[in-house]
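J.: Have a look at this one.
The values are calculated or read from the model by the stated rules, or taken from the named source; none is laboratory data. Remember, it's a predicted structure, so these values are computed and weren't measured experimentally. Ideal geometry is used to build each Cβ from the backbone, glycine not excepted, and the neighbour counts take in all protein chains shown. With ligands, DNA and RNA removed, areas are computed over all heavy atoms of the protein, side chains included. Shrake-Rupley method; radii C 1.70, N 1.55, O 1.52, S 1.80 Å.
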Amino acid sequence: MPATQKPMRYGHTEGHTDVCFDDTGSCIVTCGSDGDVRIWEDLDDDDPKSINVGEKAYSCALKNGKLVTAVSNNTIQVHTFPEGVPDGILTRFTTNANHVVFNGNGAKIAAGSSDFIVKVVEVVDSSQQKTLRGHDAPVLSLAFDPKDIFLASASCDGTVRVWQISDQTCAISWPVLQKCNDVVNAKSICRLAWQPKSGKLLAVPVEKSVKLYRRETWNNPFDLSDNFISQTLNIVTWSPCGQYLAAGTINGLIIVWNVETKDCLERVKHEKGYAICGLAWHPTCGQIAYTDAEGNLGLLENVCELNGKKSSSKVSSKVDKDYNDLFDGDNESSAGDFLNDNAVEIGSFSKGVINDGEDDDDLMLASSRPRQRSHFLEDDENSVDAALMKNGSRLLKDEEEDDQVDNIHSLPLITSQRPFYDGPMPTPRQKPFQSGSTPSHLTHRFMVWNSVGIIRCYNDEQDNAIDVEFHDTSIHHATHLSNALNYTIADLSQEAVLLACESTDELASKLHCLHFSSWDSSKEWTVDMPQNEDVEAICLGHGWAAAATNALLLRLFTIGGVQKEIFSLPGPVVSMAGHGEQLLIVYHRGTGFDGDQCLGVQLLELGKKKKQILHGDPLPLTRKSYLTWVGFSIEGTPCYADSEGIVRMLNRGLGNTWVPVCNTREHCKGKSDHYWVLGVHENPQQLRCIPCKGSRFPPTLPRPAVAILSFKLPYCQVATEKGQMEEQFWRSVMFHNYLDYLAKNDYEFEENIKDEGIREQQELLLKMLALSCKLEREFRCVELADLMTPNALNLAIRYASGSRKLILAQRLSELAVEKAAEMAVVQEEEEDVGRKRNAGHCNTTSEWSQSRVRNQVEEAEDSGEADEVEENPEIRKHRQNLFSKSANSSDAPAVKSGAVISSSQGRANPFKVSANSKESAISTNAARSTNILDNMNKSSKKSIALNRAANNEKSPVIKPLIPKPKSKQVSAASYFQKTPFQPDKTDEIKEEKPKSVSSETPAVCPQNTENQRPKTGFQMWLEENRSNILSDNPGFSDEADIIKEGMLRFRVLSAEERKAWTDKAKGGPASDEAEAKKRKRVVSENSETENQKEEAKKNLNLPKKQKPLDISTNQKLSAFAFKQE
């Protein structure tokens, strides 16, 4: 039967680790560089007893209830076993002791030190010591003769010596090792061993073979070697019966020989190729415990039949001979019997051979004798179920052929009748799990730990119960529940606790909900699953619960227990998560290969408009990893983590792609350390997790401490200033995408968060543009400018002109004009769509984007801050202002409202002017753009302060996702309804005062004039100067060309002239006929008197245009882009 290799586990911190069994083999004892001795009941023991013996422990030995350790304080200490009580110091050295061993009856110990000395000490009376001197370098290892006559030692001086204990003399010395000056520089620690019972042979690992020396004659009758040994042997150990010898190499290969026949019986490869530095054979059965130089502990089972019985028989010998005659000379197949001889099994690897890519060429042929069988194991994730391949019959050879071969390669090859498969191996499917839970086999475990609270399960002799604890006790008090039905799966939300259990022979699988937020007295409900259907994964959302079963069904329930929709899953579920109206399902799409999982993901929205966002898309995972956590950020963005520590988040702004946002392995100090993910915050950017030293999950007690990790996108060259700013910019963009999702779905959120994010992004873009300017990367500057808002683009133009980058400034100016024209066209198309919807009586369109971009134009012209406005859709139907959009562009999705610009900065473009004014404009901008980035930073702080004051700023923590109340939208819409006036009066104003041109195009119906908005200063200027533009450019037939030329001419006006036009625009439409007559009289006066009276009239008439509002209503509307006086 092939040896079984169990997955290795963390034992100690990185460094040399030693291992041994107790006298009965009931436990494994290890020591390591962390100074601890750990007592393991078995390899799966998650809570081993730990005894601290010093700063570092180099070696340990156990006999007759005495635990002896070689410690870094140069002493050999004794502790009682298993109590771990200190029992004195046996001896001291001047430097570290490197190895300590017991003799056969446990009466003596031998210890070798780096001070070249070997000491033999009586355990009962430590004063009885013998000192063996003769080595010229540190002692590496020791071995007692079973008859207590000799002691063998290996040293860094390159010799192996055999000492006569009684007279402390050296009987023989072999210079077979490489010389070195210290243990840390030794290529091998050369752990030698005497054959048990008789002590007939001494085994010494030398280079790539084991030399066997015969007792008393000290000759070397033979060596044991194998073609698979590619690195130096580090350690050897004998089986208790003395028939088998095991050896470990510095590259992680473990070989087992039958010493009598010199045949290699087992080959086992360390899963990561670390050096084997500890090897111990179980005293009664075929188990080998081993440790590596990184502190890990492993176990081999079913290594050999220690009773020495032969599995061959006359029948098998006869069959073997017949097959040999049949296939004699057929030696072409490279490994024909390998898979048939070693079928692979999941998990326990009890019949497993797991092939690693680097060892494909080293597969050993199945030998003709059971003692020559070649079992090459490697513990990775490429195992497949035994049902995939059938075991071929082992072909045995007669005992007489033993003398003909000493090497496995000299045997005739035996081919299989079945075809040989040499392709990629299937990966075992990952079992279903609940995010935030620890393994279910633990007696004390976390059933779930999320952002709401913690559910713990206790299943021991005293109690079988569940404890529910809330982070915020205002949600609900802590609860203690009995667990009579043995619930194994749980989830927790702000509304309920959801539990599920597996079915038994008597009971069906149950789904149990404790709806503690219910307003009635019945707060629990239970649903039994159909027969032979078990719940495998559950989750809770806002007002609903979901359960996935092994029947590939997903069942939806209301939080009160009403069954809702049910649908089939494309594959076995892996895990689920819920948040608000969103449901995320991860399942197996198919079978993965070469250690990779093949997972799919579905994302559904279960609100009033049910829809599927992700339709079974593949879930990206790191190579040879599996899923460990799946959930949502606090703000509602899907995230997940894999076993390699990579955390990924859904990027809604890039077609629902998955982006790696954090690598927790970069924060781990040790290779065996991990972070257990709990939750994700997007604002502030935080990854909440628990550090686990030497494990993948935390214990329940003591209560684990939560750590906060930062996010970092895997961009190139993040050590440079350019790469760092690029990573910060795109991370900011990605971590603010959730605001667009909330706005789209009518959820409440803090407006100032969006403004701060856009300000941060624009500052980074300007800094990157300044850096590119210094590096003479002007093309790159234009690419960066394409991501900017119009206000930031104006700052970039001024910076380029101030840096004497005239060609760049010209390019940026052209880009600004193009973006303005594109936005004008987009807005016109949107208004056309709005008119069509109006014709079809569709009044449900949101006014978000329309009002947002209009406010930005007003912000740019008034040099003030404007916030987003939400209006009644009726206002939108008849608006055709081609200049109201100045932020959003289809080519720059990251550009939003709220870019910061100083109130003193103009919008003049010094490169699109006539010849007589170009020079003066350039000089003016060059003088004012020296500290343009500093001005931006100062004004940004001022803008934020104003914005917070206007919004009556609240806590930065986002509220639960609650749809916006309609009453607020209605009140906002009613506020923006202007006082109606007659169309003939509007026409009269147009005729008398050309400067007060309506923002409506002639195509607008007169009955909708009451929805007009005040014109901007640029619109008034353009209407007055349209004839001049057409006369100067008779070829202009398109309105867009007129707009472009008008923008260029308007920008070169002085700040005072633009302000004058803006002040005129602020006057707004008249509210009655008397005011219209006043305007007629004003037109006849000079321009200076006209401006003064316009201001006075504006102040007098403002109260008439506003409806009386109470204080609370004004506070609610303070976020809109209209001044309240």
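J.: For a quick check of your reading of the model, give me the residue pairs whose first member lies in region 165-177 and is closer than 15 Å to Lys119 by Cβ, whose second is among the hydroxyl-bearing types (Ser, Thr, Tyr) and buried (at least 17 other Cβ atoms within 10 Å of the Cβ), with beta-carbon atoms closer than 9 Å and at least 6 apart or on different chains.
T.: Here the result reads none, with nothing in region 165-177 linked to a residue that is among the hydroxyl-bearing types (Ser, Thr, Tyr) and buried (at least 17 other Cβ atoms within 10 Å of the Cβ).
J.: For residues that are surrounded by fewer than 17 Cβ atoms within 10 Å (Cβ to Cβ) and over 26 Å from Val680 (Cα atoms), tally how many sit in region 459-478.
T.: 6
J.: Something else: When region 122-163 is examined, which residues are found to be among the charged types (D, E, K, R), touching a His at 6+ places or on another chain (Cβ under 9 Å) and in a loop (DSSP other than H, G, I, E, B)?
T.: Asp157
J.: While we're here: Quick one: Ser803 ticks every box in (1) over 42 Å from the mean Cα position of the chain (by Cα); (2) more than 22 Å from Glu721 (Cα to Cα); (3) touching a residue at least 12 places away in the same chain (Cβ under 8 Å) bar one, so which box is it?
T.: If we test Ser803 against (1) over 42 Å from the mean Cα position of the chain (by Cα); (2) more than 22 Å from Glu721 (Cα to Cα); (3) touching a residue at least 12 places away in the same chain (Cβ under 8 Å), just (2) comes out false.
J.: Name the strands (runs of 3 or more DSSP E) wholly inside region 10-61 in which the number of residues that are on the phi < 0 side of the Ramachandran plot and among the aromatic types (Phe, Trp, Tyr) is 1 or more.
T.: In region 10-61, the matching strands (runs of 3 or more DSSP E) lie at 18-21, 36-40.
J.: Restricting to region 459-494, what's the tally of residues that are among the hydroxyl-bearing types (Ser, Thr, Tyr) and touching a residue at least 40 places away in the same chain (Cβ under 8 Å)? Walk me through it before giving the result.
T.: The first filter runs over region 459-494 and keeps only residues among the hydroxyl-bearing types (Ser, Thr, Tyr), leaving 473-474, 479, 482, 487-488, 493.
So of that shortlist, the ones also touching a residue at least 40 places away in the same chain (Cβ under 8 Å) come out as 487-488, 493.
The number of residues fulfilling the criteria is 3.
J.: I'd like to check something: does region 433-440 contain any residue that is surrounded by fewer than 19 Cβ atoms within 10 Å (Cβ to Cβ) and modelled with pLDDT under 95?
T.: Yes, region 433-440 has at least one match.
J.: With the structure loaded, tell me whether Ile708 is in a strand (DSSP E or B), open to solvent by 40 Å² or more (accessible area, probe 1.4 Å) and of a type in the set (A, V, I, L, M) or whether it fails that test.
T.: It is true that Ile708 is in a strand (DSSP E or B), open to solvent by 40 Å² or more (accessible area, probe 1.4 Å) and of a type in the set (A, V, I, L, M).
J.: Hey, among the residues in region 35-62 that are charged (D, E, K, R), open to solvent by less than 60 Å² (accessible area, probe 1.4 Å) and modelled with pLDDT of 90 or more, which one's farthest from Phe81 (Cα to Cα)? Talk me through it step by step, then tell me what you get.
T.: Residues of region 35-62 charged (D, E, K, R): 36, 38, 41-42, 44-47, 49, 55-56.
From what's left, open to solvent by less than 60 Å² (accessible area, probe 1.4 Å): 36, 38, 45.
So of that shortlist, the ones also modelled with pLDDT of 90 or more come out as 36, 38.
Values: Asp36: 14, Arg38: 11 Å.
Top of the filtered list is Asp36.
J.: OK, next. Out of the residues in region 652-684 that are closer than 18 Å to His579 by Cβ and part of a loop (DSSP other than H, G, I, E, B), which is least open to solvent (accessible area, probe 1.4 Å)?
T.: Glu682
J.: Let me ask something else. Restricting attention to region 151-169, and to residues there that are more than 14 Å from Lys187 (Cα to Cα) and in contact with a Lys or Arg (Cβ under 8 Å, 6 or more places away or on another chain), which single residue is surrounded by the most Cβ atoms within 10 Å (Cβ to Cβ)?
T.: Residue satisfying both the conditions and the ranking: Ser153.
J.: Restricting to region 67-110, give me the number of residues that are under 23 Å from Ser50 (Cβ atoms), among the small types (Gly, Ala, Ser) and open to solvent by less than 10 Å² (accessible area, probe 1.4 Å).
T.: Residues meeting the conditions: 2.
Residue by residue, here is whether (1) part of a strand (DSSP E or B); (2) open to solvent by 10 Å² or more (accessible area, probe 1.4 Å); (3) modelled with pLDDT of 90 or more; (4) among the aromatic types (Phe, Trp, Tyr) holds:
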position	(1), (2), (3), (4)
Lys197	no, yes, no, no
Leu202	yes, no, yes, no
Pro205	yes, no, yes, no
Lys211	yes, yes, yes, no
Glu216	no, yes, no, no
Asn219	no, yes, yes, no
Leu224	yes, no, yes, no
Gln231	no, yes, yes, no
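J.: What single numbered condition from (1) crowded, with 17+ Cβ neighbours inside 10 Å; (2) within 33 Å of the chain's Cα centre (by Cα); (3) at pLDDT below 95 fails to hold for Asp491?
T.: Here Asp491 clears every test but (3).
J.: Scanning for something assigned to a loop (DSSP other than H, G, I, E, B), β-branched (Val, Ile, Thr) and surrounded by 16 or more Cβ atoms within 10 Å (Cβ to Cβ), does region 498-511 turn up at least one residue?
T.: no
J.: Let me ask you something else. State which residue is farthest from Ile807 (Cα to Cα) when the search covers only region 727-750 and only residues that are acidic (Asp, Glu) and open to solvent by less than 50 Å² (accessible area, probe 1.4 Å). Give the steps one after another, and end with the answer.
T.: In the first step, residues of region 727-750 are kept if they are acidic (Asp, Glu); the result is 727, 740, 746, 748, 750.
From what is left, the residues that are open to solvent by less than 50 Å² (accessible area, probe 1.4 Å) are 727, 750.
Values: Glu727: 28, Glu750: 41 Å.
Top of the filtered list is Glu750.
J.: Evaluate region 98-117: report whether one residue or more is in contact (Cβ under 8 Å) with a residue 60 or more places away in the chain and in a loop (DSSP other than H, G, I, E, B).
T.: There is at least one residue in region 98-117 that is in contact (Cβ under 8 Å) with a residue 60 or more places away in the chain and in a loop (DSSP other than H, G, I, E, B).
J.: With the condition being surrounded by fewer than 18 Cβ atoms within 10 Å (Cβ to Cβ) and of a type outside the set (Asp, Glu), I'd like the strands (runs of 3 or more DSSP E) fully within region 590-639 carrying at least 2 qualifying residues.
T.: Once the strands (runs of 3 or more DSSP E) in region 590-639 are filtered for at least 2 residues that are surrounded by fewer than 18 Cβ atoms within 10 Å (Cβ to Cβ) and of a type outside the set (Asp, Glu), what remains is 611-618.
J.: If you take the residues of region 264-292 that are in a loop (DSSP other than H, G, I, E, B) and closer than 20 Å to Val210 by Cβ, which of them is nearest to the chain's Cα centre (by Cα)?
T.: Going through the qualifying residues, I end up with His270.
J.: Quick one: is Lys693 farther than 23 Å from Gln582 by Cα, modelled with pLDDT under 95, touching a Ser or Thr at 6+ places or on another chain (Cβ under 8 Å) and open to solvent by 50 Å² or more (accessible area, probe 1.4 Å)?
T.: yes
J.: Go through region 429-458 and give me each residue that's closer than 26 Å to Val680 by Cβ and more than 26 Å from the chain's Cα centre (by Cα). Lay out the reasoning, then the answer.
T.: Residues of region 429-458 that are closer than 26 Å to Val680 by Cβ, as a first pass: 430-440, 442, 445-457.
Correct list: Cys457 only.
J.: I've got another one for you. Filter region 523-567 for residues that are assigned to a loop (DSSP other than H, G, I, E, B) and open to solvent by 80 Å² or more (accessible area, probe 1.4 Å) and give the result.
T.: Gln531, Asn532, His542, Val562
J.: Considering only residues that are free of Cβ contacts under 8 Å to residues at least 60 places away in the same chain and more than 19 Å from Ala152 (Cβ to Cβ), look in region 233-263 and name the one that is farthest from the chain's Cα centre (by Cα).
T.: For region 233-263, the residue satisfying everything is Glu260.
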